[in-house]
1. What is the packing order of peptides 40-48, 52-60, taking the mean over residues of other C-beta atoms within 10 Å and listing the highest first?
2. Which FRET efficiency, nearest 0.05, do Asn71 and Gln24 yield, Cβ-Cβ r, R0 35 Å?
3. Within the set of other residues whose C-beta is less than 14 Å from the C-beta of Gln72, count the net charge using Lys and Arg as +1 and Asp and Glu as -1.
4. Which order do you get for Phe61, Phe73 if you rank them by accessible area with a 1.4 Å probe, largest at the top?
Amino acid sequence: MNTAVSPTDEVRWPMASSVKKNKQAAPQYTQAELMNHAEALFAVKAEVLYGALYEAAQETFSIEEAKERINQFMKAKVKG
């Protein structure tokens, strides 16, 4: 059985849409769980995290989502 590929053979690569992605969903944590570890995870006090998540519609967050909300919260202008 000859399985060698010659230079004239057409190589077929799988289409990007047919390749399964092995990306797993990031773990989700409650606001209370994140606040209990705010200083270790995000280097901010729990009060800052509370403010960042205050008006969020969702109940759980990944660490990346929480970091993004903290960054937005810290950059927000204070209304006077």
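The values are calculated or read from the model by the stated rules, or taken from the named source; none is laboratory data. What you see is a predicted model; the values in this text were computed from it and never measured. So basically every Cβ, Gly included, is an ideal-geometry build from the backbone, and we count neighbours across all protein chains shown. Heads up: the accessible areas ignore ligands, DNA and RNA and are worked out on the full protein's heavy atoms, side chains in. Shrake-Rupley method; radii C 1.70, N 1.55, O 1.52, S 1.80 Å.
1. On the way: 40-48: 13.9, 52-60: 12.1.
Ranking, from highest mean packing down: 40-48, 52-60.
2. Values: r = 24 Å, r/R0 = 0.68.
The value I calculate is 0.90.
3. Numbers: positive: Lys67, Arg69, Lys75, Lys77; negative: Glu55, Glu64, Glu65, Glu68.
Residues near Gln72 contribute 0 overall.
4. On the way: Phe61 0, Phe73 90 Å².
The most accessible residue leads, giving Phe73, Phe61.
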